[in-house]
Amino acid sequence: MKRIAMEKQDKAIKYIGYCFEDILRFTPLMLWGKLLISIVEGVMAVWQPILIADICELASNLTAMNTEIFYKNVLFLCLCIGLPAVCSVVMKAVAIYNDCKKESCYGWKLFEHAQKIRLETLEDSQVLDTFQKADAAYSGQMAGSRMLSCIFIMAEAVLICVSTIYVVGRFSIWLIPGAVLSFIPHLAVNLLSEKQRTAVYRAQSGVRRRMQYLWERFCKKESVKEMRTMGFGGYFKKMWVEANVATMHELEEVELKALKLGCLDASLKNACYAVNIAIALFLLLNGGLVVGQFAACLSAFALLQNELMKLGDKIGEFSNYYHYVEEYYDFFSTETEQDGQEEYRPFEKEITLNQVHFRYCGSEKDSLNGVNLRIKKGEHVVIVGVNGSGKTTLSKVLMGAYRASSGSVCYDGQNVNDLRKEGLYRDISMVSQDFVHYNFTLRENICISDIKYREDEKRIQETMATVEMEELAESIGGLECQLGREFGGKELSGGEWQKVAIARGLFRDSRLIILDEPTSALDPLMEYDILTKFLGLIKGKTSVIISHRVGICRSADKIVVMKEGRVVECGTHEELLGKGGEYSHIWEEQAKWY
Ligand code: ADP
């Protein structure tokens, strides 16, 4: 128990340190400005009751000797009241200037880490959960900067409290317990309520993610269409409403408890205030205080009580923001890709996979089960096999995106684990089955894979010709046409989007191109046509095409048949047909299409 508490404490200190580091890096002006203003406000606030006491004393006994001091004190009092107001306006202006910058810095930090994260860990639901929470902490809560503001307000409140206790104590030490006593229940109430809120919020995190998922389905055009036509919108709504009612009910209970405790706390605070007025009156009537001191003492006491209450509120708020800060910084402990040290040399001979195994996080069995494969430079390889046989996983391991659990993947003997990934990825082009529809222009959609050639018209035209999309480009009004309905552009059919994705993959100047079921939305004949043409045109490049349809296999140099994570057959179309095994079985099943 003690160890866990110590670990939590160490983590909190570390994360608060990160917060300071980040704000110092992103917005130093804000940090130093806030620090300066906190000190100014603190000093001014404490000075006020002292000045009020002096002014009252002098006013009752004004002579030619002390008139100058009297007016000086009045001037200082005006300064004490006015300067913090000016400071807060200046700070607001700095905050406006900094806010956009500051939040985008936190966002960039998140983005940069996401860019380095090990790709296979993105298949792990826990990592995705951490990612989403960090994003929410940054975009929804602005956690880091708010927590830091909290720290400053707390520091200022502590400064004011300590000095005001000294001032109040100078009038009478009997006035101190009343103020301090009202603070303790207030702090306890705040911490307890905040703890309960956080506990409920954490317990609800799974349900909230589900609600967010359902909500996104309500807003995505594909699911909206399907929901409407298939008539399951009501079912979705019911699921969302049930989850929402349950979470709101739990939150309501917590807030009601907090409200009840808050009432008790307010009564205690008022009682303490009344007791202190009584003490001050008693002192006034018995000569312990003069009138000026009585007024100053009440003002100091009110200030002390207010600051203590503020401190209590901010400690509660701090624990709430810390919860988000924790979620934000937790993300940065997710495993990043371990980049190798060796510079990648473009392969000239072959890619070899030797006894490769791969298992997804949380899975109980290997998805690749001892794969041996050799792909020669310039070879066109087609990987076939039933769904779930490991084709996509193999393609990810082959390109070094997923690290094999055991075995090796080598490019001319260079193990991918030892290579700098940037150089390796530069030499590979991947078109996956879940490619993205970018709501950009057609030109950007094609050239984004090698953006420096975006004005290379010849290269764009050649690429489009390979996937037979010149007509499509013409019909939508050319390369500058905005694609996608979301921003008022032209929408394409599933097959047309696939052509755009293949063109994007082809446009990239790489030695190896991997197409993972890129033509599944095309009819088999169109698919056969495009892929055969594609193989004819990418001579010199090495290609790996993953497909569950075997039509393309006749044009391949090598066919790899996968089953249950293993390569069960490997050879040319004729060789494998002659064998009468797995491939010939699939071929016969699908032959009627061609
Ligand atoms: P294919 O491309 O041949 O359809 P995959 O490579 O996608 O096959 O999947 C191979 C195996 O790995 C399947 O058993 C599948 O259930 C499993 N698998 C795929 N993705 C994941 C994942 N993210 N987490 C756990 N298991 C997965």
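Whenever a residue of segment 373-387 is under 15 Å from K541 (Cβ atoms), its partners that are within 16 Å of the ligand (Cβ to nearest atom) and part of a strand (DSSP E or B), lying with C-beta atoms within less than 7 angstrom and at least six residues away or across chains, give the pairs I375/V381; I375/V544; V381/V544; V381/V560; V382/I545; V382/I559.
Any residue that is loosely packed, with under 12 Cβ neighbours inside 10 Å, touching a residue at least 60 places away in the same chain (Cβ under 8 Å) and not aliphatic (A, V, I, L, M) - is there at least one of those in segment 95-109? So far as segment 95-109 goes, no, none of its residues is loosely packed, with under 12 Cβ neighbours inside 10 Å, touching a residue at least 60 places away in the same chain (Cβ under 8 Å) and not aliphatic (A, V, I, L, M). Of all residues in segment 540-559, those satisfying the criterion of being more than 16 Å from the ligand (Cβ to nearest atom) and either part of a loop (DSSP other than H, G, I, E, B) or open to solvent by 10 Å² or more (accessible area, probe 1.4 Å) (or both) are G540, K541, R554, S555, A556, D557, K558.
Counting the residues of segment 413-444 that are under 18 Å from Q338 (Cα atoms) and buried (at least 17 other Cβ atoms within 10 Å of the Cβ) gives 5.
The numbered conditions (1) away from the ligand (no atom under 12 Å from the Cβ); (2) under 25 Å from T352 (Cβ atoms); (3) over 35 Å from the mean Cα position of the chain (by Cα) are all true for M464 except (2).
Taking the condition touching a residue at least 12 places away in the same chain (Cβ under 8 Å), open to solvent by 60 Å² or more (accessible area, probe 1.4 Å) and of a type in the set (A, V, I, L, M, F, W, C), does W240 pass? Considered against the rule, which asks whether it is touching a residue at least 12 places away in the same chain (Cβ under 8 Å), open to solvent by 60 Å² or more (accessible area, probe 1.4 Å) and of a type in the set (A, V, I, L, M, F, W, C), W240 comes out as no.
Within the set E226, E242, the sole residue that is assigned to a helix (DSSP H, G or I) and within 30 Å of G488 (Cβ to Cβ) turns out to be E226. Are any of the residues in segment 8-25 farther than 30 Å from I165 by Cα and not in a helix (DSSP H, G or I)? Within segment 8-25, not a single residue is farther than 30 Å from I165 by Cα and not in a helix (DSSP H, G or I).
Please go through segment 345-358 and give me each residue that is open to solvent by 30 Å² or more (accessible area, probe 1.4 Å) and away from the ligand (no atom under 14 Å from the Cβ), ordered by number. Please lay out each step first, then the result.
If we filter segment 345-358 for residues that are open to solvent by 30 Å² or more (accessible area, probe 1.4 Å), which is where we start, we get 345-346, 348-350, 352, 354-355, 357.
Result: R345, P346, E348, K349, E350, T352, N354, Q355.
The condition of being surrounded by fewer than 16 Cβ atoms within 10 Å (Cβ to Cβ) and either within 15 Å of the ligand (Cβ to nearest atom) or under 29 Å from M469 (Cβ atoms) (or both) holds for E564.
Just to be sure I understand, how many residues within segment 190-211 are β-branched (V, I, T) and closer than 25 Å to G312 by Cβ? If you could, list the steps in order and put the result at the bottom.
Start the filter on segment 190-211 by keeping residues that are β-branched (V, I, T), which leaves 198, 200, 207.
After this cut, where a residue has to be closer than 25 Å to G312 by Cβ as well, the list is 198, 200.
Total meeting the criteria: 2.
Residues that are outside any loop (DSSP other than H, G, I, E, B), within 16 Å of the ligand (Cβ to nearest atom) and either surrounded by fewer than 22 Cβ atoms within 10 Å (Cβ to Cβ) or at positive phi (or both) within segment 364-376 comprise N369, G370, L373, listed in sequence order. None of G82, G33 is closer than 28 Å to Q305 by Cα and either over 32 Å from the mean Cα position of the chain (by Cα) or open to solvent by 90 Å² or more (accessible area, probe 1.4 Å) (or both) except G82. Of the helices (runs of 4 or more DSSP H) lying entirely inside segment 120-203, those containing at least 2 residues that are over 26 Å from A266 (Cβ atoms) and acidic (D, E) span 125-139. Which residue, of C410, C361, C447, is buried (at least 22 other Cβ atoms within 10 Å of the Cβ), touching a helix residue (DSSP H, G or I) at 6+ places or on another chain (Cβ under 9 Å) and not hydroxyl-bearing (S, T, Y)? On inspection, the qualifying residue turns out to be C447. Scanning segment 377-398 for residues that are away from the ligand (no atom under 13 Å from the Cβ) and either under 29 Å from the mean Cα position of the chain (by Cα) or of a type in the set (G, A, S) (or both) turns up just one, G378. Restricting segment 505-548 to residues that are farther than 14 Å from V381 by Cα and basic (K, R) leaves a set whose member that is modelled with the lowest pLDDT is K533.
Taking segment 567-594 as the search range and keeping residues that are assigned to a strand (DSSP E or B) and away from the ligand (no atom under 13 Å from the Cβ), which one is most open to solvent (accessible area, probe 1.4 Å)? My answer is C570.
The values are calculated or read from the model by the stated rules, or taken from the named source; none is laboratory data. This structure is a prediction, so every number in the text was calculated from the model and none was measured. Ideal geometry is used to build each Cβ from the backbone, glycine not excepted, and the neighbour counts take in all protein chains shown. These area figures cover heavy atoms from the full protein model, side chains too; ligands, DNA and RNA do not enter into them. Shrake-Rupley method; radii C 1.70, N 1.55, O 1.52, S 1.80 Å.
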